[in-house]
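Structure, as structure tokens:
The values are calculated or read from the model by the stated rules, or taken from the named source; none is laboratory data. The model shown is predicted, which means the values in this text are computed figures rather than measured ones. Virtual Cβ from ideal backbone geometry, glycine too; neighbours counted across all protein chains shown. Just the protein is used for accessible areas: all its heavy atoms, side chains included, with ligands, DNA and RNA removed. Shrake-Rupley method; radii C 1.70, N 1.55, O 1.52, S 1.80 Å.
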Amino acid sequence: MSIFQYFAKRIGLYLVVLFIGLTITFFLPRLMPTNPIDGYISQIESRAGQSLRPEAIAALRSNLEELYGLKGDIFTQYVNYLNRVILHFDFGPSFTNYPEPVSDMIFRALPWTLGLLLVSTIVSWIIGNLIGLVAGYFHNKRSATVLEVVGILLYPIPYYILALTVILVLAYFLPVFPLSPTFPAEGLTFGNAGTILFNSALPAITLVLAGFGWNILSMKSLAYTTKEEPYVTYARLKGTSNWKRMTRYVFRNAMLPQVTALALSLGTIFNGALLTEMLFSYPGVGLLMRTAASSGDYNLLYGSITMSIIAVATAGLIIDLIYPLFDPRIRNR
Amino acid sequence: MIRLNNVVASYKTERGVVNAVDGVSLEIPDGCIVGIAGESGCGKSTLMKVIYGDIGFPLALASGSVDYGFSDDSGKPVTSRNIQKEWFKRISYVPQSSMSSLNPVIRIRKQFLDFQDQTGNKAQILEQVKSYVKKLGLPEESIDSYPHQLSGGMRQRIMIAMATFFQPEIILADEPTTALDVVVQKSILLLLMDLQEQMGNTIILVSHDMGVHYQVTDKMLIMYAAKAVEYGDSEEIFQRPLHPYTRLLINSLPTIGDDRAREGIPGRPPSLWNKLQGCRFADRCPLATDRCRNEEPEFVEYRPGHFAACHYADSEANLSEVS
């Protein structure tokens with residue numbers, strides 16, 4: 001299999017995953033017994049009293065169905081839905097922020113979420129793996145065992161307890177960071193990058209710590225077993241320096257399963273978003289989803305779920321596409 | 001000349017200390033190929049580790065020493081305590097399995113530059129590596145490959161190229177051909193012999209295969225249960241072995257045209273954990289007497305350059321009965 005076949009296969013798989021994901025998000029809400037338009041119309045009717053004429057209600061229903069893509073039989077709806085989502089990225093207007101389009105709201109929130117979660121996931125991956133590497137490579141040194149204990153202690157702590165502890169320590173006992181962050185309304189610019197970084201530090205620290213434990217423990221055991229591989233022993237007998245053996249021999253090989261693990265953990269990134277953004281009132285997609293769910297904003301919920309499917313699948317695709325850089329056995333067969 | 005003075009090497013385990021090499025004394029003259037033969041667990045590989053100077057927990061050099069017969073840059077004689085600085089410069093090592101001994105994710109070219117305190121112009125060294133590899137019958141581009149792109153025979157040639165690149169005085173080869181098919185085995189052994197002839201270095205070769213020993217080695221050491229039992233010129237050993245164990249080993253080799261079933265040597269070597277008394281081969285030896293069971297035989301030179309540890313090494317009974 002050549003490298004192009006590898007790429008073609010990954011991209012093909014990516015498109016299939018997206019398609020299935022979009023299809024499920026389309027059909028799942030339609031299996032619910034309630035019709036959002038009935039609900040909306042009855043709301044308007046109760047507000048207006050009995051003053052609406054049946055023709056007006058019928059016209060309203062038809063307009064709403066058009067607006068929310070609920071016109072025609074289910075197949076027509078499906079085709080229209082795919083057409084709107086894929087070609088125009090249009091999820092209709094928001095119920096709560098009518099008439100602002102849902103896609104605008106998502107695109108405003110998405111950079112916040114991606115910025116926070118990508119950076120903290122990758123930082124936690126890098127630092128966790130480096131600590132795990134040292135702990136595994138020098139497993140017979142007492143000082144390295146201390147590093148492993150960090151992982152063992154951090155790993156089992158549930159995220160919300162970890163996050164609350166960090167808030168308590170770093171915002172209350174030692175008020176280093178603000179208790180509730182404030183973000184400039186105009187978004188990221190050169191001038192306010194410092195403010196944003198400072199205000200994002202607390203949620204970022206909790207996310208890094210939460211991902212830490214697992215990365216340390218798994219890298220430690222990987223490095224420990226890789227160190228016993230014949231090629232590492234042979235490198236030692238060749239007189240290769242300790243540093244080169246640890247980096248070029250042990251790390252380069254032990255990181256491969258960890259890159260795959262990074263792709264998998266990027267998949268769960270939006271789980272983290274929901275809780276983190278609620279705890280820190282951080283203006284990302286997680287908070288948007290929560291608002292949408294609690295206020296019955298179907299379009300917004302739809303849009304943010306679809307967006308997270310696309311984001312997760314894309315992150316996985318990117319890792320798959322750069323994986324051959326690390327493993328020549330896939331690059332040149 | 002490499003001199004082993006009463007080398008005792010022990011492993012520290014949870015059950016206690018066990019001597020895997022128990023008092024081996026040898027002199028290996030420069031520029032010859034020495035084979036080490038013996039059953040699994042007889043201490044061949046441990047002896048190789050000691051000679052290479054790869055001594056670290058759980059292995060320890062309990063007593064004795066190894067002199068390599070040369071001095072380091074500061075003029076101090078090299079022994080097993082400071083040989084590590086000479087790794088791959090004056091003593092090198094060919095591992096058993098070339099597939100798993102090369103790092104799968106970096107190019108062979110880079111693995112050639114991984115030797116200790118590599119100084120000098122990288123490009124220049126690479127040029128030398130290229131022409132050297134070519135001399136060994138490999139395409140120049142093979143050093144730009146990753147290990148998985150080469151065949152087993154090519155990889156083993158690469159290992160030999162690495163081990164001989166700096167023209168070391170001593171090369172240790174621990175079953176260098178076991179993982180290869182016989183055709184490739186032969187070409188690898190011929191290559192090793194060829195290089196040895198050109199460079200005049202000493203090769204110490206461990207192999208289970210008595211046929212390999214017969215064809216390749218100048219001298220042979222037979223080990224049994226952590227002891228050296230016979231040492232001498234290979235031809236002598238194959239023609240006129242002194243120790244009954246050697247004789248039985250040679251008798252178990254098949255010859256073309258002789259289709260009688262080959263007999264193995266009944267029994268197993270003694271456990272090194274037991275308290276051992278007398279000759280360690282006595283339980284399996286057809287010639288053993290009470291003297292063998294109680295008195296340990298000395299490792300003595302019976303003929304010029306031909307040593308053995310057997311009470312009856314030169315007796316007529318030994319020569320005629322076990323044949």
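Could you list, ordered by first residue, the pairs with Cβ atoms under 8 Å in which the first is in segment A:290-311 and assigned by TED's automatic domain parsing to the domain that holds A:Leu15 and the second is at pLDDT below 85 and buried (at least 20 other Cβ atoms within 10 Å of the Cβ), at least 6 apart or interchain?
The qualifying pairs do not exist here.
Please give the number of the condition B:Ala173 fails out of (1) open to solvent by 20 Å² or more (accessible area, probe 1.4 Å); (2) closer than 15 Å to B:His208 by Cα.
Unmet for B:Ala173, out of (1) open to solvent by 20 Å² or more (accessible area, probe 1.4 Å); (2) closer than 15 Å to B:His208 by Cα: (1).
Would it be correct to say that A:Ile157 is out of contact with any strand residue (DSSP E or B) (no Cβ under 6 Å at 6 or more places or on another chain), free of Cβ contacts under 8 Å to residues at least 12 places away in the same chain and open to solvent by 40 Å² or more (accessible area, probe 1.4 Å)?
Details: out of contact with any strand residue (DSSP E or B) (no Cβ under 6 Å at 6 or more places or on another chain): yes; free of Cβ contacts under 8 Å to residues at least 12 places away in the same chain: no; open to solvent by 40 Å² or more (accessible area, probe 1.4 Å): yes.
So A:Ile157 fails the test.
So is A:Ala292 within 13 Å of chain B (Cβ to nearest Cβ), modelled with pLDDT of 85 or more and open to solvent by less than 20 Å² (accessible area, probe 1.4 Å) or not?
Values: within 13 Å of chain B (Cβ to nearest Cβ): no; modelled with pLDDT of 85 or more: yes; open to solvent by less than 20 Å² (accessible area, probe 1.4 Å): yes.
So A:Ala292 fails the test.
Return yes when A:Thr76 is assigned to a helix (DSSP H, G or I), in contact (Cβ under 8 Å) with a residue 12 or more places away in the chain and among the polar types (S, T, N, Q) and no when it is not. Reasoning before the result, please.
Numbers: assigned to a helix (DSSP H, G or I): yes; in contact (Cβ under 8 Å) with a residue 12 or more places away in the chain: no; among the polar types (S, T, N, Q): yes.
No.
Report, by residue number, each residue of segment A:317-333 that is in a helix (DSSP H, G or I), within 14 Å of chain B (Cβ to nearest Cβ) and either at pLDDT below 85 or touching a Phe, Trp or Tyr at 6+ places or on another chain (Cβ under 8 Å) (or both). Steps first, please.
Residues of segment A:317-333 in a helix (DSSP H, G or I): A:317-326, A:328-331.
Next, only the ones that are within 14 Å of chain B (Cβ to nearest Cβ) stay: A:323-326, A:328-331.
Across segment A:317-333, the qualifying residues are A:Pro324, A:Pro328, A:Arg329, A:Ile330, A:Arg331.
Can you tell me which residue among A:Asn242, A:Asn253 is within 11 Å of chain B (Cβ to nearest Cβ) and open to solvent by 50 Å² or more (accessible area, probe 1.4 Å)?
On the way: A:Asn253 fails: open to solvent by 50 Å² or more (accessible area, probe 1.4 Å).
Only one candidate qualifies: A:Asn242.
Just give me the residues in segment B:295-323 being over 20 Å from B:Ser25 (Cα atoms), open to solvent by less than 100 Å² (accessible area, probe 1.4 Å) and either touching a helix residue (DSSP H, G or I) at 6+ places or on another chain (Cβ under 8 Å) or at pLDDT 90 or above (or both), in sequence order.
B:Tyr312, B:Asn318, B:Val322
Tell me, yes or no, whether segment A:229-237 has at least one residue that is outside any loop (DSSP other than H, G, I, E, B), away from every other protein chain (no Cβ under 14 Å) and either over 25 Å from B:Arg109 (Cα atoms) or open to solvent by 30 Å² or more (accessible area, probe 1.4 Å) (or both).
no
Suppose we keep only residues that are open to solvent by 40 Å² or more (accessible area, probe 1.4 Å) and under 25 Å from A:Ile122 (Cα atoms) within segment A:297-309. Which one would you say is farthest from the other protein chains (Cβ to nearest Cβ)?
Per the criteria, the residue is A:Ile305.
Select, from A:Leu52, A:Leu15, A:Leu31, the only residue that is more than 30 Å from A:Ile319 (Cα to Cα) and exposed (fewer than 14 other Cβ atoms within 10 Å of the Cβ). I'd like the intermediate steps shown before the answer.
Numbers: A:Leu52 fails: exposed (fewer than 14 other Cβ atoms within 10 Å of the Cβ); A:Leu15 fails: more than 30 Å from A:Ile319 (Cα to Cα).
Just a single option satisfies the conditions, and that option is A:Leu31.
Listed residues B:Lys76, B:Lys122, B:Lys85; which is within 28 Å of A:Pro328 (Cβ to Cβ) and among the charged types (D, E, K, R)? If you could, list the steps in order and put the result at the bottom.
Values: B:Lys76 fails: within 28 Å of A:Pro328 (Cβ to Cβ); B:Lys85 fails: within 28 Å of A:Pro328 (Cβ to Cβ).
So the residue among B:Lys76, B:Lys122, B:Lys85 that is within 28 Å of A:Pro328 (Cβ to Cβ) and among the charged types (D, E, K, R) is B:Lys122.
Looking only at segment B:175-206, how many residues end up being at pLDDT 90 or above and assigned to a loop (DSSP other than H, G, I, E, B)?
2
Right, B:Ile203: closer than 26 Å to B:Tyr132 by Cβ and buried (at least 22 other Cβ atoms within 10 Å of the Cβ) or not?
Values: closer than 26 Å to B:Tyr132 by Cβ: yes; buried (at least 22 other Cβ atoms within 10 Å of the Cβ): yes.
The answer is yes for B:Ile203.
Quick one: which strands (runs of 3 or more DSSP E) sit completely within segment B:76-174 and have at least 1 residues that are within 30 Å of B:Leu47 (Cα to Cα), of a type outside the set (Gly, Ala, Ser) and away from chain A (no Cβ under 12 Å)? Walk me through it before giving the result.
Numbers: elements: B:77-79, B:91-94, B:170-174.
Output list reads B:77-79, B:170-174.
Looking only at segment B:265-273, decide whether some residue is in a helix (DSSP H, G or I) and more than 20 Å from B:Ile36 (Cβ to Cβ). Working first, answer last.
Initially, segment B:265-273 is screened for residues in a helix (DSSP H, G or I), giving none.
No: zero hits.
In segment B:54-75, which residues are outside any strand (DSSP E or B) and of a type in the set (Asp, Glu)?
Of all residues in segment B:54-75, those outside any strand (DSSP E or B) come to B:54-58, B:72-75.
If the condition is that a residue be outside any strand (DSSP E or B) and of a type in the set (Asp, Glu), then B:Asp54, B:Asp72, B:Asp73 are the ones that fit.
A:Thr260 is checked against (1) open to solvent by 60 Å² or more (accessible area, probe 1.4 Å); (2) polar (S, T, N, Q); (3) within 14 Å of chain B (Cβ to nearest Cβ) and fails just one. What number does that condition carry?
Here A:Thr260 clears every test but (3).
Got a number for residues in segment B:52-75 being in contact with a strand residue (DSSP E or B) (Cβ under 6 Å, 6 or more places away or on another chain) and either within 11 Å of chain A (Cβ to nearest Cβ) or of a type in the set (Val, Ile, Thr) (or both)?
Residues in segment B:52-75 being in contact with a strand residue (DSSP E or B) (Cβ under 6 Å, 6 or more places away or on another chain) and either within 11 Å of chain A (Cβ to nearest Cβ) or of a type in the set (Val, Ile, Thr) (or both): 3 in total.
Matching residues to (1) in the same structural domain as A:Gln258 (by TED's automatic domain parsing); (2) under 28 Å from A:Thr226 (Cα atoms); (3) modelled with pLDDT under 90:
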{"position": "A:Leu133", "(1), (2), (3)": "yes, yes, no"}
{"position": "A:Leu147", "(1), (2), (3)": "yes, yes, yes"}
{"position": "A:Val150", "(1), (2), (3)": "yes, yes, yes"}
{"position": "A:Leu154", "(1), (2), (3)": "yes, yes, yes"}
{"position": "A:Ala171", "(1), (2), (3)": "yes, no, yes"}
{"position": "A:Thr189", "(1), (2), (3)": "yes, no, yes"}
{"position": "A:Ala193", "(1), (2), (3)": "yes, no, yes"}
{"position": "A:Ala210", "(1), (2), (3)": "yes, yes, yes"}
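Test of understanding: among A:Thr268, A:Thr260, A:Thr314, which residue is over 24 Å from A:Tyr81 (Cβ atoms), at pLDDT below 90 and within 12 Å of the chain's Cα centre (by Cα)? Don't jump to the end; show me each part of the working.
Details: A:Thr260 fails: within 12 Å of the chain's Cα centre (by Cα); A:Thr314 fails: over 24 Å from A:Tyr81 (Cβ atoms).
Result: A:Thr268 is the single residue among A:Thr268, A:Thr260, A:Thr314 that is over 24 Å from A:Tyr81 (Cβ atoms), at pLDDT below 90 and within 12 Å of the chain's Cα centre (by Cα).
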